[in-house]
Amino acid sequence: MNREIYQEPLVSRYTSREMQELFSEKTKFTTWRKCWLALAEAEYELGLTDIITLEMLDEMRANIHNIDYDMAAAKEKEIRHDVMAHVYEFGTKCPKAAGVIHLGATSQFVVCNTDLIVQKKAIGLVRKAVLKAISNLAKFSLEFKDLPTLGFTHYQPAQPTTVGKRNTLYIQDLIMDLEYLDSFLGQAKARGAKGTVGTQATFLELYHGDNEKVRALDALVSQKLGFDAAFAVTGQTYPRKLDMKLAETLAGIGSSAHKFAVDLRLLSNLKVQEEPFAQKQTGSSAMAYKRNPMRSERMTGLARKLMGLPANFAATYSNQWFERTLDDSAIRRMDIPQAFLLTDAILKLYINITSNMVVFPKQIERHLRMELPFMSTEKVLMEAVAKGESRQEMHEIVKEHSLAAGKVVKEEGLENDLLQRLGDDDRIPFTLDELMQLVGDYSQFTGRASAQTDEYIREVVVPLLAAREDQMGEVDSSLSV
């Protein structure tokens, strides 16, 4: 590492080697050569045998990875055109084929098709990581499906849910993201062989006006590059609207991760659930006792950057005048790799955190104990009415004691003694022991949370993971209900 110049933190600190390699110059320039080879092969197979020979094709195949980067850089500095610099450099390795490299094509033939190839592969890595995060969350949800915990609305204590049920909400968000990834891949096609402004004029000339040969060339090149289809029409580039949808899709993953990470940071503050904390990890340089949720904080920071990128893509798309303008080039060189690298970094953290989250049941019970007396008052009222008491009178008495108990908790920092107060009031037809039995197990207040978790994991998540085993690499066999 050169420590005298700026290093991109996404590469030096946060992202996987696999994603970094996809956006490397090596991947880009070798893929350019594969595009040139695919075009030459297709042109040969569709009849240009008087121009292109098998010997030329063999020469090109043998030199896909034989790149003199210094020569290409020197040529680009001279002619100020990166694609033509690499056409020249490739030609020096393929002297017999030099005259047919890039035949009939425009620069965006290699640039656009390469971008689309790399994006497809990057989406595959993203999808694999999303599935792993879903798998981790599913295991966690099943493990804690029965553990009651306070629910929150407006970040104020609300009816209890369970720890497992809460985490099914994060799974559902990620499954929506997964579906949007699928939708994007369904829209992503090859640019194919479209010519300078998308009219295929040069290819029509090569095939002496044979429209069907030109259409076949477009389809065959796209097939050779790994696509089922090409965009039916383009300008000079593939539609930048697709880039906008890509950014929105990846930013959606960022927003899902941000929601999860912020919730975990709040839970960490309550000391009820935490991200993993390494044995020798230091939370603070000054406060040695601290267990800062640093991974979750990093997730929110990275996600904030990712969620801000779609505006750039929208501006780039909407400023593509007519068939194309070059102001898309510089920003796309930064924004597309960054969008994928940010997503990769975020999902690495998501997987890491969900692999070993820590739950503190006693602390959860403490919070429930503090708040549940308030939440149980409706049940007390109903049972009192069943004993023949007036609901209105009981409501006033309960309200009186609830306000008093709340004041003691907030102003004096004491425990919630509402049940004690009600038990001591002769107007309430229950002793303290009877009230405690009435309130009973916390789980009676969680409704169908546990059952919903079981059903969701069994009916939705497990089948989804099984169906996508080839995308994930493996499915956790312990996910069963």
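The values are calculated or read from the model by the stated rules, or taken from the named source; none is laboratory data. Everything numeric here is computed off the predicted structure, so don't read it as measured data. Heads up, the Cβs are rebuilt from the backbone with ideal geometry, glycines too, and the neighbour counts pull from every protein chain shown.
Tell me which residues, restricted to the range 100-115, are hydroxyl-bearing (Ser, Thr, Tyr) and touching a residue at least 40 places away in the same chain (Cβ under 8 Å).
Listed by number, the residues that qualify are THR106, THR114.
Please list, ordered by first then second residue, the pairs with beta carbon atoms under 7 Å, 6 or more apart or interchain, first in the range 11-27 and farther than 13 Å from GLY124 by Cβ and surrounded by 16 or more Cβ atoms within 10 Å (Cβ to Cβ), second modelled with pLDDT under 95 and β-branched (Val, Ile, Thr).
GLN20/VAL11
Residue check: is LEU414 modelled with pLDDT under 95 and out of contact with any Lys or Arg (no Cβ under 6 Å at 6 or more places or on another chain)?
yes
From the list ILE79, ILE67, ILE51, which residue is more than 25 Å from LYS194 (Cα to Cα), of a type in the set (Val, Ile, Thr) and touching a Phe, Trp or Tyr at 6+ places or on another chain (Cβ under 9 Å)?
Going through ILE79, ILE67, ILE51 in turn, the sole match is ILE67.
For the range 36-64, name all the residues that are touching a Lys or Arg at 6+ places or on another chain (Cβ under 9 Å) and under 19 Å from PHE109 (Cα atoms).
LEU37, ALA38, LEU39, GLU41, ALA42, LEU46, MET60, ILE64
Of the conditions (1) in contact with a Phe, Trp or Tyr (Cβ under 8 Å, 6 or more places away or on another chain); (2) of a type in the set (Gly, Ala, Ser); (3) under 23 Å from LEU220 (Cβ atoms); (4) in a helix (DSSP H, G or I), ALA40 clears all except one; give me its number.
It fails just one condition, (1).
Filter the range 155-199 down to the residues that are in contact with an Asp or Glu (Cβ under 8 Å, 6 or more places away or on another chain), over 29 Å from ASN136 (Cβ atoms) and either at pLDDT below 95 or surrounded by fewer than 22 Cβ atoms within 10 Å (Cβ to Cβ) (or both) and list them by number.
LYS189, VAL197, GLY198
Go through VAL398, VAL380 for me and flag whichever is under 47 Å from the mean Cα position of the chain (by Cα), among the hydrophobic types (A, V, I, L, M, F, W, C), farther than 23 Å from GLN273 by Cα and modelled with pLDDT of 85 or more.
The conditions single out VAL380.
So SER107 fits all but one of (1) within 29 Å of LYS194 (Cα to Cα); (2) crowded, with 21+ Cβ neighbours inside 10 Å; what number is the exception?
The number of the failed condition is (2).
If the requirement is being assigned to a helix (DSSP H, G or I), in contact with a Leu (Cβ under 6 Å, 6 or more places away or on another chain) and either of a type in the set (Gly, Ala, Ser) or surrounded by 20 or more Cβ atoms within 10 Å (Cβ to Cβ) (or both), which of these qualifies: ALA138, ALA85?
Going through ALA138, ALA85 in turn, just one is assigned to a helix (DSSP H, G or I), in contact with a Leu (Cβ under 6 Å, 6 or more places away or on another chain) and either of a type in the set (Gly, Ala, Ser) or surrounded by 20 or more Cβ atoms within 10 Å (Cβ to Cβ) (or both): ALA138.
Quick check: is even one residue across the range 387-401 touching a residue at least 40 places away in the same chain (Cβ under 8 Å) and among the hydroxyl-bearing types (Ser, Thr, Tyr)?
No, every residue in the range 387-401 fails to be touching a residue at least 40 places away in the same chain (Cβ under 8 Å) and among the hydroxyl-bearing types (Ser, Thr, Tyr).
Name every residue in the range 88-104 that is of a type in the set (A, V, I, L, M) and surrounded by fewer than 19 Cβ atoms within 10 Å (Cβ to Cβ), in order of residue number.
Within the range 88-104, ALA98, LEU103 qualify.
Can you find even one residue in the range 19-26 that is assigned to a helix (DSSP H, G or I) and under 16 Å from ALA72 (Cβ atoms)?
yes
Find the residue count for the range 189-217, including only residues that are more than 30 Å from LYS245 (Cβ to Cβ) and not in a helix (DSSP H, G or I).
4
Just checking, how many residues over the range 149-161 are within 19 Å of SER268 (Cβ to Cβ), in contact with a Leu (Cβ under 9 Å, 6 or more places away or on another chain) and of a type outside the set (A, V, I, L, M)?
So the count comes out to 5.
Restricting attention to the range 341-362, which residues are among the polar types (S, T, N, Q) and either in a helix (DSSP H, G or I) or touching a helix residue (DSSP H, G or I) at 6+ places or on another chain (Cβ under 7 Å) (or both)?
THR343, ASN352, THR354, SER355
Restricting attention to the range 79-92, which residues are of a type outside the set (A, V, I, L, M) and within 41 Å of the chain's Cα centre (by Cα)?
ARG80, HIS81, ASP82, HIS86, TYR88, GLU89, PHE90, GLY91 - these are the residues of the range 79-92 that are of a type outside the set (A, V, I, L, M) and within 41 Å of the chain's Cα centre (by Cα).
For the range 239-321, please list each of the helices (runs of 4 or more DSSP H) lying entirely inside it that holds at least 1 residues being among the polar types (S, T, N, Q), at pLDDT 95 or above and within 29 Å of PHE140 (Cβ to Cβ).
Counting at least 1 such residues, we get 241-270, 294-307.
Checking MET60 against (1) buried (at least 20 other Cβ atoms within 10 Å of the Cβ); (2) closer than 17 Å to ILE117 by Cβ: exactly one of these is not met. Which one?
Evaluating MET60 over (1) buried (at least 20 other Cβ atoms within 10 Å of the Cβ); (2) closer than 17 Å to ILE117 by Cβ leaves (2) as the failure.
What's the number of the only condition in (1) over 26 Å from LEU206 (Cβ atoms); (2) in contact (Cβ under 8 Å) with a residue 60 or more places away in the chain; (3) hydroxyl-bearing (Ser, Thr, Tyr) that THR31 fails to meet?
(1)
Here are ARG33, ARG3, ARG61, ARG13: which of them is more than 26 Å from ALA190 (Cα to Cα), charged (D, E, K, R), out of contact with any Cys (no Cβ under 8 Å at 6 or more places or on another chain) and assigned to a helix (DSSP H, G or I)?
ARG13
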